[in-house]
Structures are given as C-alpha cells and as structure tokens.
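Note sheet for the following structure.
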Amino acid sequence: MTDFKEEQNNEIEALESIYPDEISVISVQPYHVFEVHIESQDISDPYDTGVEPELAAQCTLQFSYVEKYPEDPPVFEITEHENLEDDQIEALNELITETIEESLGMVMVFTIVSTVQEKLTQFVEETKKNRIEIEEHEKKKKDELEMKKFEGTRVTIETFLAWKAKFDAEMSEQKRMKNQVVVGPKGLTGKELFFTDDSMNDSDVKFLQSEEDTVEVDESLFQDMDDLDLDVNDLDLEDTAVD
C-alpha cells in the first residue's frame, strides 16, 4: 500500500534543499500547503549585458497536496506575478495543467517549477525580441524620412514640359536683357552714344542757344592772325559762306 504522506514529506524536504530561498511552507496539516517563487533565467550572451531588471518575468506558485497525491493532482494557483500579461498567465495555467496530467503517479512539483521557469524565460526572450523589432522599425522609418530629403522629384512628361517652358522663358528673358543698351562705366563709349542718339547732333547748338546772353569772346586771341602762315589754296572758298 502506497504511503502518500511519506512521499509528500520526502518531496517537501527535496524542494527545500533545491529551493532554499524560493520555497515557503504555509501549513502542514492536514496536508502541506506551500509556495515557490519562480523567476526567468538569465538570457545573457556575448553580445548582451543580460536581462534588464524591468524585463525579468516572475511568479509565485502555491501548491496544496491532497490525500492521495501524487496519484491525484495537487491544487495549484498563481498567487503573484510580475511583467506578465493576462494571456501569458493563461498560457502558464494551461502549461501547468498539462504537466500535471503527464506526471500523475510521480512527485511532480520540481518538474512543474522547471517547466514554468523555462516558459517565463521564453516570455522574456519574446518580449525582448519584440522590443528590438519595434526599435529597428522606428529607426528604419526615421532613416527613410531622412533619405527622402535627398530624393529629387520624379520626372514625368508633364513635369518635364512644365520645366522646359519655364527654362525657355528664363532664357528668352536673359537674351532680351543682354541685347539692351547698357549705359555706364562698362557701357557704350561717348562716340558710340553719339551715333546711337540723334539728339546729340545738335546738342552744342542747344547749349549755345541756352548760353547766348552770357558767352563772351576774347578778341585778343585774334590779334595776331597776320602772323599765321595760311595758304589760301587750302581753303575751300566754294564751301565758305560769307555773312
């Protein structure tokens, strides 16, 4: 005849040896009720500094033996948990129930605790992976936005024709401006201005007319005319008009 009580006591002793800091016995009568605190394992690697404290998943499992445990399943409950979502808690409950069904007839708390710890570690890995994917996605979006700043406008027939019309108009304006007469230090010379402006032909006459009352002639300049050796033949008398 199986001594269920003895098997239960032996398992408690083994658990207290394996989990001295994690197990807490609540009562022993009529059957043991105890809790085991479980945390996810360290998933550090050569390229990582380890699991960030805020990502570490943990929970507390409470077990209650029944009269014929381990032939009958123990009662269990997740009493506390951290960094776990509702769907993850549900997944843990299903995992524990499945493990119990597979382990009936054998003491099973150690198996349950080990399975739950593996699941917690998996949750952490998935959470970390999702976070990295989100960060990479955000970085990719940011890089794409930066690259768009250096992208030109896509050329179509319509945009090309619009650009060409604008370009031709600008070139025509530049050509028109270039052909205009430029007056200034680098513009036309006085002679060139004289021939391009008909108003310059009688400018001296207009000046004399405007100064008619004020012009004075110095007669002394003409007193020595006899000393000049002028050849009468050099004068074109036909073109000289005598007033």
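I'm trying to understand the selection: among the residues of the range 24-43, which are open to solvent by less than 60 Å² (accessible area, probe 1.4 Å) and assigned to a loop (DSSP other than H, G, I, E, B)? Across the range 24-43, the qualifying residues are His32, Ser40, Ile43.
Based on what the data block shows, is Phe63 over 51 Å from the mean Cα position of the chain (by Cα), of a type in the set (A, V, I, L, M, F, W, C) and within 14 Å of Val36 (Cβ to Cβ)? Steps first, please.
Details: over 51 Å from the mean Cα position of the chain (by Cα): yes; of a type in the set (A, V, I, L, M, F, W, C): yes; within 14 Å of Val36 (Cβ to Cβ): yes.
Here the answer is yes, as Phe63 does meet what is asked.
Scanning the range 84-109 for residues that are in a loop (DSSP other than H, G, I, E, B) and in contact with a Pro (Cβ under 9 Å, 6 or more places away or on another chain) gives Leu104, Gly105, Met106, Val107, Met108.
Restricting attention to the range 52-72, the residues that are buried (at least 16 other Cβ atoms within 10 Å of the Cβ) and assigned to a loop (DSSP other than H, G, I, E, B) add up to 5.
Tell me, yes or no, whether the range 146-157 has at least one residue that is modelled with pLDDT under 80, loosely packed, with under 11 Cβ neighbours inside 10 Å and β-branched (Val, Ile, Thr). So far as the range 146-157 goes, yes, one or more of its residues are modelled with pLDDT under 80, loosely packed, with under 11 Cβ neighbours inside 10 Å and β-branched (Val, Ile, Thr).
The values are calculated or read from the model by the stated rules, or taken from the named source; none is laboratory data. The structure presented is a predicted model; accordingly, all values stated were derived computationally and were not measured. Neighbour counts run over all protein chains shown; Cβ positions are idealised from the backbone, glycine included. Surface areas here come from the heavy atoms of the whole protein model, side chains and all, with no ligands, DNA or RNA. Shrake-Rupley method; radii C 1.70, N 1.55, O 1.52, S 1.80 Å.
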